1. So what's the back-of-envelope 222 nm ellipticity for the chain, counting only DSSP H runs of four-plus at -39500 (n - 2.57) apiece and dividing by all residues, rounded to 500?
2. So what is the accessible area of the chain per residue, in Å², with the probe set to 1.4 Å?
3. Write out the trypsin sites (Lys or Arg not before Pro) in the range 4-40 meeting two conditions: DSSP loop, and at most 12 other Cβ atoms within 10 Å of their Cβ.
4. Would you work out what percent of the accessible area of the chain, with all protein chains in place, is carbon or sulfur (probe 1.4 Å)?
5. If packing is taken as the mean number of other Cβ atoms within 10 Å per residue, what is the order of 94-101, 69-76, highest first?
6. Determine the dipole magnitude for the chain: charges of +1 sit on the beta-carbon of Lys and Arg, -1 on that of Asp and Glu, nothing else is charged, the reference point is the Cα centre, and the result goes in debye to the nearest 20.
7. Around residue 50, what is the net charge, scoring Lys/Arg as +1 and Asp/Glu as -1 over all other residues with Cβ under 13 Å from its Cβ?
8. Treating cross-link reach as a plain straight distance, find the lysines whose alpha-carbon is under 25 Å from the alpha-carbon of residue 64, omitting any fewer than eight places away in the same chain.
Amino acid sequence: MLVRQAVRAAAVDLRFSLVDQTKIVTAASELGRNTLDYGGGGTVRLQVLQDGGRRGIRLTFEDKGPGITDVERAMKDGYTTGGGLGLGLGGARRLSSEFSIDSRPGEGTKVTIARWTT
Ligand SMILES: Nc1ncnc2c1ncn2[C@@H]1O[C@H](COP(=O)(O)OP(=O)(O)OP(=O)(O)O)[C@@H](O)[C@H]1O
Ligand SMILES: [Mg+2]
């Protein structure tokens, strides 16, 4: 997935530790997979953040797919409609410094994460 390479390159550029690189790349991979599998494809926006000496990456995944009826339920570990493990969304949240999800049935889904240097 191209997203993984782009996120890895940005994280290396920002001198993220190997652990932080892996966390943001893994989160991006999960969300990118959802965008493809459930959202029917979409867009990813990568933003470089700076706050004093801290550096960060924000990723915004957006699709115009079917959306999620019950976001709270979808966030729970083990919940899946696709025969996966149901760990993608919860995992992405745990791997990120910031996480937000906005999904509307019939309109689509937008997930934003950020990770800062530690
Ligand atoms: N972009 C999306 N559009 C519509 N539904 C989504 C989207 N992302 C997630 N979902 C719904 O939320 C559920 C949970 O997603 P999550 O990524 O946690 O698990 P999964 O994709 O089913 O399995 P895993 O990621 O562990 O392989 C999905 O099964 C799907 O029903
Ligand atoms: Mg998933």
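The values are calculated or read from the model by the stated rules, or taken from the named source; none is laboratory data. Nothing here was measured: the structure is a model prediction, and the numbers come from that model. We place every Cβ from the backbone using ideal geometry, glycine too, and count neighbours over all the protein chains shown. SASA here: full protein model, heavy atoms, side chains in, ligands and nucleic acids out. Shrake-Rupley method; radii C 1.70, N 1.55, O 1.52, S 1.80 Å.
1. That calculation yields -11500 deg cm²/dmol at 222 nm.
2. On the way: 6760 Å² over 118 residues.
Here the per-residue accessible area is 57 Å².
3. Loop-located and lightly packed - 15.
4. Answer for the chain is 49 percent, counting heavy atoms of protein chains only.
5. Peptide ranking by packing, descending: 94-101, 69-76.
6. Working: 17 positive and 13 negative charges, 70 e Å.
Around 340 debye, computed over the chain.
7. With Lys, Arg at +1 and Asp, Glu at -1, the net is +2.
8. Counting by Cα, and skipping residues close in sequence, residue 64 has these lysines nearby: 76, 110.
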